[in-house]
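In what follows, a structure is listed as structure tokens, so that the remarks can point back to it.
Derivation of every value follows stated rules applied to the coordinates shown; laboratory data play no part. Bear in mind the structure is a predicted one, so any value in this text is a computation, not a measurement. Counting neighbours? That spans all protein chains shown, and the Cβs are built from the backbone with ideal geometry, glycine included.
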């Protein structure tokens, strides 16, 4: 797929109809192409509510996707039928407190922390518009807003943003009555500030700089747990609080 607009049309139609699209029909040739499809998709379903960013290990180049404002939900949200994956990930999100430019990416940690005014426990609900998602190419998933379904946001925590260290964070996920996953330092990216610097520079270069009120979620602390329809998922992040979603 070479045309970002055509790929976005297919993905938006899949969102509306509930009928997935063949992933090869929206497969870009590189990350730049995936980000172009993201931009074209957001232009159709926007406005922008924030970003998700993560990395597979402490030295890997991060990847990101915009979060549509319509997909930002308060804790306790009930998501209806029709979801195919119902993937649940425990994450930390920050709220942007001021406009950020490319120059802010060079700030030391303690100064960069002051650009964010609150931290939150969140659940990212992973969903797909792609057929055969398990075997689909990573670039097709990236084009599909990195499989974003919803961001369920808990109450603002009292944690100082400057003190956040994902490498020591204790996280718990339960689905129904069972504790499905417990981790300590489970986010593979490691350093939250490296992620944020990359995202600030990337978004500025992309013409969509981080703005006040945007939420930035920083990657899974637990890996993915799948929920069945009719169950609820609960996340507890030590020191941050709890957040819940029902399916």
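Per the Debye formula with a single identical scatterer at each Cα and no solvent contribution, what log10 I(q)/I(0) holds for segment 133-230 at q = 0.16, 0.19, 0.20, 0.24 Å⁻¹?
Here the Debye-derived log intensity ratios amount to -0.97, -1.32, -1.42, -1.53.
Where does each of 92, 179, 26 land when they are ranked from fewest to most other beta-carbon atoms within 10 angstrom? Spell out each step's value before the answer.
Details: 92 24, 179 12, 26 28.
Least crowded to most crowded, the residues run 179, 92, 26.
How big is Rg to Rh over the chain, alpha-carbon atoms, Rh as the Kirkwood inverse-mean-distance radius?
Working: Rg = 17.0 Å, Rh = 18.0 Å.
Using only Cα positions, Rg/Rh for the chain is 0.94.
Give the order of 247, 240, 116 when sorted by the count of other beta carbons within 10 angstrom, beginning with the fewest. Could you put the intermediate results ahead of the total?
Details: 247 19, 240 25, 116 22.
So the residues, fewest neighbours to most, are 247, 116, 240.
Counting other beta carbons within 10 Å of each residue's own, what order do 184, 224 fall into, fewest first?
Details: 184 11, 224 15.
Ordered by Cβ neighbours within 10 Å, fewest first: 184, 224.
So how much slack lies between residue 6 and residue 118, counting 0.36 nm per residue of separation and subtracting their Cα-Cα distance, in nm?
Details: separation 112, 0.36 × 112 = 40.32 nm, distance 3.78 nm.
Between residue 6 and residue 118, full extension yields 36.5 nm more.
Summing -39500 (n - 2.57) over the DSSP H runs of n ≥ 4 in the chain and dividing by its residue number, what mean residue ellipticity at 222 nm do you reach, to the nearest 500 deg cm²/dmol?
On the way: 5 runs with 55 residues, N = 247.
After summing the helix terms and dividing by residue count, I get -6500 deg cm²/dmol.
Quick check: residue separation of residue 178 and residue 69 times 0.36 nm, minus the Cα distance between them. What number comes out in nm?
Working: separation 109, 0.36 × 109 = 39.24 nm, distance 3.11 nm.
This chain segment gains 36.1 nm when fully extended.
Please compute the modelled spin-label separation between residue 78 and residue 160, points set 7 Å along Cα→Cβ, answer in nm with one decimal.
So the two model labels end up 4.2 nm from each other.
How many angstrom separate the Cα center of segment 185-206 from the Cα center of segment 70-109?
Their Cα centres are 13 Å away from one another.
How many angstrom lie between the Cα centre of segment 1-35 and the Cα centre of segment 208-239?
So the two Cα centres are separated by 24 Å.
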